[in-house]
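My structure is below; once you've seen it, I'll send some questions.
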Amino acid sequence: MSLKNFFIGLAIVAVGAAVVGANFYFRRDTGLTVTTEQIRVRDLEAVVSASGKIQPKRLVNITAETAGRVVNLAVNEGDRIRGGKCLLQIDPKSLRTRVDSGEASLQVAQASLEQMHQSVETARVQLEQARQTLARQQGLWKQQLTTRETLERAENDVRAAESSLQERDKSAKAQDSRIMQERATLDNARYDLSKVRIESPIEGIVTRRNIQEGETAMIGTMNNAGTVLLTLADMSIIQGEVEVDETNIPNVQLGQRAKITIDAIPDRSFKGHVSEIGNSPIQTTTGGAGTQATNFKVVVILDEKVPEVRPGFTCTADITTATRKNVSAVPIPSVAVRELTYDAHGQVVKAPIDPKRRRRTSSVEPVASAAELKPGQTRKETEGVFVVRDKEKRVEFVPIKMGIAGDKYFEVLSGLKPGDQVVTGPYNSVRNIADADPVKVDNKNAQGK
């Protein structure tokens, strides 16, 4: 073999290898590498999460009903107390003096009434004697044995005795009314004296103490928080008062079950239910720009006993607003939004696939402008997922209608069926992929479903 033939053969081999390599290169799959998940039926729960504070169902503010210096303070903050326990006592000296004075005044009034009753009896006896004298004089007058003057004097004596009796009787009744007044004043003084000893109306915990022994307690008023001496909390029924965003309030209803977690009691959760939904929003200002977040107060009663709980503990309530059993569900990361063109009948208008297209030239395909739409066609943003078609190894954007949102999945009302393979990631692929793009499925590194 000549050297020329050798180089010709070598060139033929090189050209053949190049052809084979080029053929292999252009036949290899050039699609995006994606992860997928198969659609199947699941049980879903829609949950609204909100944070707030633990508070007792019943909170009592203790105020003084009489002013005075505190001489005995029997409790401290954090003390557990029983109903009827003495909390504090106000100096009773001035009130006891009022009671003693009232008792003395009542005794004097009662003695005076006794004298008036005796005076009434005396006036009644005098009236009876005057009437007897008049009767004798009238008998003697008929027999012409007495004078006209003596008869008239007897008649005047009767009228005077009657007037005296009426006057003394009225005085006795007036004194009786004064005694009732003195008795009411004494009862009021005794009641005020009883209020110097303040007892607990409930069983619970002393959550706040605003007074020290020796300080002067002022009479409590509703609009003056400074007059509150003690705050008691009945911890037999506790609740979480949480703030729910306005967008979630329509889904929250009375009686819905909830799971409450308390920051101070980690690794535990407690069952509860919604007992109250506020009608008026709570306006809070957040951020330096002064943007407002509108929240509503929702009260969740805890159905379990919570050990060592204190009012004010931070808590989080997960309220179950809806449940679904055995429904088709799609992973939340797989849902994307694309602009689609619809015809006059509401059907999606898809562009034909270019058979020569092996790889997308750009991450996002240009959308037809309004001038390029045919009569009757409209364009709008649509939620959907990318379904992998096994034969072509290309993805198809399928519009879906979703129901409730669970922790990791959306309920699918229409558009998908169990068994469909939907693209779940990576995030950039789901964001940039387009309809009819070729893909390579690689679920080796995907987390277990």
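FYI, it's all coordinate maths here, none of it is from the lab. Worth saying up front: this structure is predicted, and the values here are computed from it rather than measured. Here the Cβ positions follow ideal geometry from the backbone for every residue, glycine too, while neighbour counts run over all protein chains shown.
Amide H of residue 33: which non-local residues (sequence gap of 5 or more, or other chain) have their own amide H closer than 5 Å, using H built in the peptide plane?
Placed amide hydrogens put 440 under 5 Å from residue 33.
Another question about this same structure. Quick one: 3J(HN,Hα) in Hz for region 163-168, Karplus 6.51/-1.76/1.60 with θ = phi - 60°, rounded, Gly and Pro as x.
5, 5, 5, 4, 5, 5
Quote the charge dipole size of region 50-99 about the Cα centre in Debye, to the nearest 20; the model charges only the Cβ of Lys and Arg (+1) and of Asp and Glu (-1).
Details: 10 positive and 4 negative charges, 34 e Å.
In debye, rounded to 20, region 50-99 gives about 160.
Decide, for region 125-231, between rounded, prolate and oblate: order the square roots of the alpha carbon gyration tensor eigenvalues as a ≥ b ≥ c, take rounded if a/c falls under 1.5, and otherwise choose prolate if a/b is larger than b/c, else oblate. Before the final figure, lay out each step's value.
Numbers: a/c = 8.27, a/b = 6.32, b/c = 1.31.
Since a/c reaches 1.5 and a/b is larger than b/c, the shape of region 125-231 is classed as prolate.
While we're on this one: Using Cα pairs closer than 8 Å and at least 6 residues apart in sequence, work out the relative contact order for region 112-235, in percent.
The normalised contact order for region 112-235 reaches 23 percent.
Another one. Given +1 on the Cβ of Lys and Arg, -1 on the Cβ of Asp and Glu, and no further charges, what dipole in debye does region 153-232 carry about its Cα centre, rounded to the nearest 20?
That gives a dipole near 100 debye.
Which of the peptides 271-282, 36-47 is most tightly packed, and how do the rest follow, judged by the mean count of other Cβ atoms within 10 Å per residue?
36-47, 271-282
If you find the alpha carbon centre of region 396-411 and of region 45-93, how far apart are they in angstrom?
Comparing the Cα centres of region 396-411 and region 45-93, I get a distance of 50 Å.
Can you tally the net charge around residue 263? Count Lys and Arg as +1, Asp and Glu as -1, for every other residue whose Cβ sits under 12 Å from the Cβ of residue 263.
+2
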